[in-house]
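Here's the structure we're looking at; comments come further down.
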Amino acid sequence: MSLYDLARSGDVDGLKEMLLESDSPAVRKRACELLGEVATTEDTDAIETLVSVAVTDDSGAVKAAAVDGLDEIGAEAVEELLVEITGEKIEQGADWAVAKRFAKALSSNIPELRMAAASALGKLGDDSGISSLKNALDDDDPRVRQRVCMALGEINHPSAVPALIDQLSDPNGRVRHEAAIALSAIGTDQALAALKNMMDADNTSIRRIAASALGEAGTADVVEPLAAALNDPDGGVRSAAIYSIIELLSNVDTQKSHSIRERIVNELQDADDATVAPIVEILEESSQQRQRRNAAWFLGRVVDEPNPKTVEVLVDALESDDTQTAQFAATSLAEMGGKRVEEELLELVQSDAPDDARAQAVFILGKVGGEQSRDVVENLTEDDSKQVRKRAFSAISKLKGR
């Protein structure tokens, strides 16, 4: 079985076996990552395996992935690595006391231990670890600096902002990226101002990092710079801005959602194909339901005259296993209307697609269809599916009155 198949089936033992037996660093690295996603704190054998790999593997990239895997499982798993390296059991106590022990490990001469300590401090989330983490931002190893930035973002305290702003000029791109993400998560005026300034940089990679990070902010204040980035001469920056806009919609607090949606729609009315393409890609390819839902919703609000690909992907989304994604796709198709939408829906209702999708398509045809739709829908009143028949009778009355 492939690593993907093992992960999909939750086969922790199979992933452990691949990790321990493969001669390929790339395979071992991916196995570490997947173990972190699949294993839980109850999978002690998996944790022990990752701890061993983090200490003994010949590849630095695999060691780093093992630390990441432990971090993904949780602070308890990271603690096991610290115990293995230091030989000292970390006894439970007040958060500040535990943080003090982790902070001490940041000065270890073993980079994997420093990485693990930074990750653990982030997971612990106690403010008492901030000072030690900020001091570790000058670590010689970029992997450590990267995890320190991540940890400061997780602790989410404004006192870390100046130090993180300094890291925006780090020579390592991954460190700069994590510093930007952390600033966006903290989201103070000072933090967001630094990211907005990056959007004007001459360096394309810096603009791309800023565009990617702003989606984590959770505030409507970043809508305008993200919308402006949709006109950036670099396609990567434009795509990053779109992904951030969708991420912003996916992560924002429910109370802020309406105002942010309004500002986004106002900024992106009548979007062109270059703007729409990344949204369509998210709807078509993303594995995250919230992203797909927001992409489906978004398309109906910013596209007046959809191209064939947009219509095709929205119609395909009517067959989504996620009910909300299918409903948002239906709403967007109804908003768009037009001959192209009608033709795609007619093809769907006469296919062997699932009954839910066909019923949704009939419902939309009742809103946007013409004479051709009326003829087809009338025949569907005798369809084998009760759902489709019910929608057909409702749609006919609307089509006849048009």
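The values are calculated or read from the model by the stated rules, or taken from the named source; none is laboratory data. What you see is a predicted model, and the numbers here were worked out from it, not measured in a lab. Cβ: placed from backbone, ideal geometry, glycine included. Neighbour counts: every protein chain shown. Accessible surface is based on the protein model in full, side chains and every heavy atom, while ligands, DNA and RNA are left aside. Shrake-Rupley method; radii C 1.70, N 1.55, O 1.52, S 1.80 Å.
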Worksheet item: Relative to the present Cα-Cα distance, how much length would full extension add between Asp273 and Lys390 at 0.36 nm per residue of separation?
Response: 38.5 nm
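Going by average Cβ neighbours within 10 Å, how do the peptides 138-144, 158-164 rank, with the highest at the top? It would help to have the intermediate numbers written out before the result.
On the way: 138-144: 16.7, 158-164: 18.6.
For the peptides 138-144, 158-164, the packing ranking is 158-164, 138-144.
Which percent of the accessible area of the chain is formed by carbon and sulfur heavy atoms (probe 1.4 angstrom)? Display every interim value, and only then the final one.
Details: 8070 of 18950 Å².
C and S atoms contribute 43 percent here.
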Fill in: In degrees, nearest ten, helix 60-73 long axis to first principal axis of the chain (Cα)
70
Worksheet item: How many Å² of accessible area per residue for the chain, probe 1.4 Å?
Response: 47
Discussion item. Per residue of region 335-352, what does 6.51 cos²θ - 1.76 cosθ + 1.60 with θ = phi - 60° give for ³J(HN,Hα)? Whole Hz please, x for Gly and Pro, Karplus curve as stated.
Written reply: 5, 6, x, x, 5, 5, 4, 4, 5, 5, 5, 4, 5, 5, 5, 9, 9, 9
Item to complete: Note down the relative contact order for the chain as a percent, whole number, built from C-alpha pairs under 8 angstrom at least six residues apart.
Response: 6
Worksheet item: Taking only the alpha carbons of the chain, what extent do you get along each of the three principal axes, in Å, biggest first?
Response: 79, 48, 38
Worksheet entry | Approximate spin-label separation Lys309-Val83, in nm, with each point projected 7 Å along Cα-to-Cβ | 5.2
Worksheet item: Could you state the number of Å between the C-alpha centres of region 112-142 and region 266-285?
Response: 38
Fill in: Cα gyration tensor, region 4-73 - rounded (a/c under 1.5), prolate or oblate
oblate
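Report, in deg cm²/dmol and to the nearest 500, the calculated mean residue ellipticity at 222 nm for the chain, where each DSSP H run with n ≥ 4 adds -39500 (n - 2.57) and the sum is divided by the residue count. Write out the running numbers ahead of the final one.
Values: 25 runs with 294 residues, N = 402.
That comes out to -22500 deg cm²/dmol.
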Worksheet item: Alpha carbon centre of region 345-369 versus region 187-207: separation in Å?
Response: 45
Worksheet, complete the sentence: Phi angles of region 112-122, converted by Karplus (6.51 cos²θ - 1.76 cosθ + 1.60, θ = phi - 60°) into ³J(HN,Hα) in whole Hz with x for Gly and Pro, give 5, 5, 5, 4, 5, 5, 4, 4, 5, 4, x
Response to the item:
If one compares the long axis through the Cα atoms of helix 355-368 with the longest principal axis of the Cα atoms of the chain, the angle in degrees, nearest 10, works out at 60
Worksheet item: Separation between the Glu42 and Ser59 pseudo-spin-labels, each 7 Å from Cα along Cα→Cβ, expressed in nm?
Response: 3.1
Fill in: For region 308-314, 3J(HN,Hα) per residue [Karplus equation, 6.51 cos²θ - 1.76 cosθ + 1.60, θ = phi - 60°, Hz, x = Gly/Pro]
x, 5, 4, 5, 4, 5, 5
